[in-house]
1. Conditions first: (1) within 30 Å of A46 (Cα to Cα); (2) at pLDDT below 95. N133 passes all but one, so which condition is the exception?
2. For the range 64-98, enumerate the residues that are farther than 21 Å from L111 by Cβ and surrounded by fewer than 17 Cβ atoms within 10 Å (Cβ to Cβ).
3. Take the residues of the range 13-40 that are loosely packed, with under 14 Cβ neighbours inside 10 Å and in a strand (DSSP E or B): which is modelled with the highest pLDDT?
4. Within the set of pairs 6+ apart or on separate chains, which have a first residue in the range 81-107 that is in the same structural domain as E124 (by TED's automatic domain parsing) and assigned to a loop (DSSP other than H, G, I, E, B), a second that is of a type in the set (F, W, Y) and surrounded by 12 or more Cβ atoms within 10 Å (Cβ to Cβ), and C-beta atoms under 9 Å apart?
5. For the range 133-172, give me each residue that is within 17 Å of F64 (Cβ to Cβ) and among the β-branched types (V, I, T).
6. Looking at the range 121-139, I want the residues that are in contact (Cβ under 8 Å) with a residue 24 or more places away in the chain and have a partner that is assigned to a helix (DSSP H, G or I) and aromatic (F, W, Y) with Cβ atoms under 6 Å, at least 6 apart or on another chain. Which pairs are those?
Amino acid sequence: MSTVRKMIKASAFFAVLSVAASGWAADRVKLTTPVSGVVKEVYVQAGQKVKKGDKLLALDDTRFKARVMEAEAGLMRVKQEAEDAEREFRRAQELFDRGVSSTTEFDAAKLKHARATANAREAEARLIIARKNLEDSVLRAPFDGVVKVREAEPGMYVPAELNPPTLVILGKIR
């Protein structure tokens, strides 16, 4: 039994692609999603030609979309808090400069502003990660090729692990 056939039997999440081009030997590239989820749709069949960027399969994106919405709401909230802290800090600075407030009050406003600014940056990072995870829930062809074998099916669970299952092998031209 060939190595490829053994690999196919070892993993239930498999499609094999190879590059459709003349004169060159093809390398095979294993593809999988970097995020966990349930396969919602598989867009390719054996023998089908694909172009770079074509969808190969998609995971159910319900949770990924919800996480983006959650991160957007969180960012809106902390940005408002940061704006409030900025106003309080400017006011405390003015009062401190005029000698009307103490160093303690000024330092407290400064600390609150710094924390609110850090929270806003953290919320921006969470939103970036949520958007990237949503994008990664769709497996796309990294180059032109032909589907050789397709084993991935709707309803299959794909775990993101140190050794995730191979979903697609794409052949490359040398």
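The values are calculated or read from the model by the stated rules, or taken from the named source; none is laboratory data. All values reported here derive from a predicted model rather than from experimental measurement. Don't worry about glycine lacking a Cβ; one is built from the backbone with ideal geometry, like all the others, and counts go over all protein chains shown.
1. (2)
2. Correct list: K65, A66, M69, E70, E72, A73, M76.
3. V38
4. These pairs meet every condition: S102/F96.
5. Correct list: V138, V158.
6. Partner pairs satisfying both residue conditions: N133/F64; L134/F64; S137/F64.
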